[in-house]
Each structure stands twice: as C-alpha cells, then as structure tokens.
1. In whole Å, how far is the Cα centre of region 1-36 from that of region 86-100?
2. For E7, E85, E51, E114, write out the residues from largest to smallest accessible area, computed with a 1.4 angstrom probe and no ligands counted.
3. Excluding residues fewer than 8 places away in the same chain, name every one of the lysines whose C-alpha is closer than 19 Å to that of K18.
4. With a 1.4 Å probe and all protein chains in place, put R20, R151, R2, R39 in order of accessible area, largest first.
5. Could you give each residue of region 45-62 its phi-based ³J(HN,Hα) in whole Hz, using Karplus coefficients 6.51, -1.76, 1.60 with θ = phi - 60°, and x for Gly or Pro?
6. By the scheme Lys and Arg +1, Asp and Glu -1, what is the net charge of all other residues having a beta-carbon under 13 Å from that of M125?
7. Per DSSP helix of 4 or more residues, -39500 (n - 2.57); summed, then divided by the residues of the chain. What does that give at 222 nm, rounded to the nearest 500?
8. How much accessible area does Y70 have with a 1.4 Å probe, in Å² rounded to the nearest 10?
Amino acid sequence: MRNELNENLKKAIKAQDKPRISTLRLINAAIKDRDIAVRSEENTEGVSDQEIVVILSNMVKQRKHSITQYEEGGRIELAEREREEIKIIEDFLPVQLTEEETHLEINKIINANEDYNIRDIGKVMAELKKNFNGRMDFSKASSVVKALLTR
C-alpha cells in the first residue's frame with residue numbers, strides 16, 4: 001500500500017495536481033507518525049497495510065467532522081476542500097460494504113451464536129471490526145446491531 005501511495009504521489013507531482021499532492025503528503029505524514037509511535041526492536045517495518053487502512057478511515061472521519069464545522073461556520077470553500085481530500089483518500093480505501101451487505105454480515109454473526117443478547121453488542125462489534133475493518137461504517141453498524149439484539 002505504501003508503494004501505491006508513493007507511486008500516486010509521483011504521478012501527481014508530474015501532473016502538477018496540487019490538491020492531490022497535498023493530500024498524499026498528508027497521508028504519508030500520518031503513516032510516518034504512526035510508524036514512529038509503534039517502532040520497537042521487534043517492529044522495524046512500521047505499520048501494516050491493515051493499519052494504514054485504519055489511518056485512512058480516521059482521516060476521512062476527521063474531514064467529515066471538519067466539513068460539518070465549516071458549514072456551520074459559513075466556510076463553504078473550506079468544506080469543499082475537505083470533500084476533495086475525502087475523495088482522494090477514499091481512492092486508497094477498500095470498497096465499502098453496502099447497507100444490505102452490512103445487514104447480511106451482522107445477521108450472520110448474530111445467527112452464528114443464538115445466545116447473543118443486548119449485552120453482547122461489544123462482542124458483535126469486535127467480530128465485525130476484526131473481519132471488516134476499513135470496509136464498514138461501524139457507527140451505522142452499531143445501531144443495526146443494537147436494533148437486532150433488542151428484538
């Protein structure tokens with residue numbers, strides 16, 4: 001994934017695509033920060049591709065929050081810039097599950113263990129995060145899990 005990001009950065013520099021260059025540099029900086037945080041004698045490689053997906057997902061969440069703040073403050077041009085960055089970041093994220101696919105996967109997990117009840121939301125969410133990290137909107141999934149377990 002790092003190679004893909006670096007290759008895209010090189011292409012953006014050649015094409016002089018300033019918004020893309022800026023966003024890709026922000027992504028690389030976030031990954032490098034995380035690499036430094038997890039560096040140890042056992043881990044000299046840095047973060048894995050799966051962790052990079054989490055970093056990218058967090059970057060998208062941060063920008064969505066910023067868009068809300070900018071729009072409330074009447075700063076539409078800054079909100080638009082954040083939307084552009086989201087589009088660029090999402091190019092490197094795995095394809096997100098549709099709402100129907102999300103419901104199907106949640107039902108599979110719940111049906112696999114008939115003993116689940118409302119107190120097991122955390123267990124179901126942990127299973128979802130293990131299997132679909134970066135591919136599912138967990139805030140929406142959480143409400144679906146809660147609804148299914150309370151019936």
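The values are calculated or read from the model by the stated rules, or taken from the named source; none is laboratory data. Note that the structure is a prediction, hence the values are computed from the model and not measured. Here Cβ is always computed from backbone atoms with ideal geometry, including for glycine, and neighbour counts include all displayed protein chains. Please note that ligands, DNA and RNA were not included when accessible areas were found on the heavy atoms of the full protein model with its side chains. Shrake-Rupley method; radii C 1.70, N 1.55, O 1.52, S 1.80 Å.
1. 18
2. Values: E7 90, E85 25, E51 70, E114 140 Å².
Final ranking, largest accessible area leading: E114, E7, E51, E85.
3. K10, K87
4. R151, R39, R2, R20
5. Rounded to whole hertz, the list is 7, x, 7, 7, 4, 5, 5, 5, 4, 5, 4, 5, 4, 5, 5, 5, 4, 4.
6. On the way: positive: R119, K123, K129, K130, K140, K146; negative: E105, D120, E127, D137.
Here the charged neighbours net out to +2.
7. Helix-only estimate at 222 nm: -24500 deg cm²/dmol.
8. Roughly 70 Å² of Y70 is accessible to a 1.4 Å probe.
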